[in-house]
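Written below as structure tokens is the structure these notes are about.
The values are calculated or read from the model by the stated rules, or taken from the named source; none is laboratory data. Note that the coordinates shown come from a computational prediction; the quantities given were computed from them, not determined experimentally. So basically every Cβ, Gly included, is an ideal-geometry build from the backbone, and we count neighbours across all protein chains shown.
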Amino acid sequence: MDKNRIQGKLEKAKGAVKESAGRILGNERLRAEGRADKAKGQFKDAAGKAADAAREAIGKASDALRKSTKH
């Protein structure tokens, strides 16, 4: 798993906590920070997923190339 996915999940969780705390406390600034943290986390998670997919595709292509050169 790409480090960006891990960081993204942590960032989303932190944002959810802030947003909930802001809602409970009636603090709009804290809610907004929470939403921003969640969005940042979603971006990092998506970047990590893309990196994982790219690594997987490269691995498959490399395996296919190795198999084709053995014959």
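Observations
- Test: Lys49 is surrounded by 13 or more Cβ atoms within 10 Å (Cβ to Cβ), under 21 Å from the mean Cα position of the chain (by Cα) and not polar (S, T, N, Q): yes
- So Arg23, is it part of a helix (DSSP H, G or I), over 24 Å from the mean Cα position of the chain (by Cα) and not hydrophobic (A, V, I, L, M, F, W, C): yes
- Verdict on Lys40 being surrounded by 14 or more Cβ atoms within 10 Å (Cβ to Cβ), modelled with pLDDT of 95 or more and within 23 Å of the chain's Cα centre (by Cα): yes
- Flag if Lys12 is under 10 Å from the mean Cα position of the chain (by Cα) and assigned to a helix (DSSP H, G or I): yes
- The residue that is nearest to Ala50 (Cα to Cα), counting only those in the stretch 1-29 that are among the polar types (S, T, N, Q) and free of Cβ contacts under 8 Å to residues at least 24 places away in the same chain, is Ser20.
- Scope the stretch 18-37; condition surrounded by 13 or more Cβ atoms within 10 Å (Cβ to Cβ) and β-branched (Val, Ile, Thr); matching residues: none
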